[in-house]
Amino acid sequence: MTSRRESIMAHVTSLLAGTVGVSTRIYRSRTEAFARAESGAIVVEPGIDRAQVIANCKLEWSLEVNIAVYFRGAIPDQLADPTIVSLHSKVMADRTLGGRAIDIMPTSVDPQIQPGDQPSAWIVCAYLVRYRTSAAAIDAA
């Protein structure tokens, strides 16, 4: 069985297919460093997932979903901007994520720029996803 959290993460990753500027370089929790030729990539990772009791036997969760955009170039954050615009519109098109969530909201954009002979940017776009499960089973609503 798959947890609702993993179902949400997989769905968000699939939504990003065809995102401007990344081609097929969309990864779920990638652990390898990017090579120079892989510039223009997205990594989708879970953040903290907090639960709160809302009713007898029901939990409401707040899941941080981090979508990191990686680019290299003279002004890497500027290069990443069309990708960020594209991914945001894809993620926010259905705020229930296909019925998997109550709501999704953007919370922050955190750019990290590294100097070098070809500067790079790692820009994390964070979203907060609210969803519910049974208190006894995190794979059931």
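Just so you know, all these numbers are worked out from the coordinates, no wet-lab data involved. Since the model is a prediction, treat every value here as computed from it, not as a measurement. Methodologically, a virtual Cβ is constructed for each residue, glycine included, from the backbone with ideal geometry; neighbour enumeration extends over all protein chains shown.
So what are the radius of gyration and Dmax for the Cα set of the stretch 61-122, in Å?
Expressed in Å, the Cα Rg and Dmax of the stretch 61-122 come to 14.2, 45.
Just from its helices, what would the mean residue ellipticity at 222 nm be for the chain, if runs of 4 or more DSSP H residues each count -39500 (n - 2.57) and the sum is divided by every residue, rounded to the nearest 500 deg cm²/dmol?
Value at 222 nm, helices only: -6500 deg cm²/dmol.
Return the FRET efficiency for the residue pair S108, M1: r is the Cβ-Cβ distance, R0 is 30 Å, and the value is rounded to the nearest 0.05.
With R0 = 30 Å, the Cβ-Cβ based efficiency is 0.40.
Once both axes come from the Cα atoms, what is the angle between helix 4-15 and the longest principal axis of the chain, in degrees from 0 to 90, rounded to 10?
Rounded to the nearest ten degrees, it is 40.
Using the Kirkwood formula over every pair of different C-alpha atoms, what hydrodynamic radius in Å results for the chain?
In the chain this quantity evaluates to 15.8 Å.
In whole Å, what is the distance between the alpha-carbon centres of the stretch 22-66 and the stretch 72-141?
Between the Cα centre of the stretch 22-66 and that of the stretch 72-141, the gap is 8 Å.
Which ³J(HN,Hα) values, rounded to whole Hz and listed in residue order, are derived for the stretch 87-103 from phi using the Karplus coefficients 6.51, -1.76 and 1.60 in 6.51 cos²θ - 1.76 cosθ + 1.60 with θ = phi - 60°, glycine and proline given as x?
Here the 3J(HN,Hα) series is 5, 4, 5, 5, 5, 8, 4, 10, 5, 9, 6, x, x, 7, 9, 7, 6 Hz.
If amide H atoms are built 1.01 Å from N in the plane of the peptide, which residues on other chains or at least 5 residues away come under 5 Å of the amide H of T107?
Hits under the 5 Å cutoff: A126, Y127, L128.
Check which residues have an amide H placed less than 5 Å from I102's amide H, if you skip close sequence neighbours.
Long-range HN contacts for I102: R130, Y131, R132.
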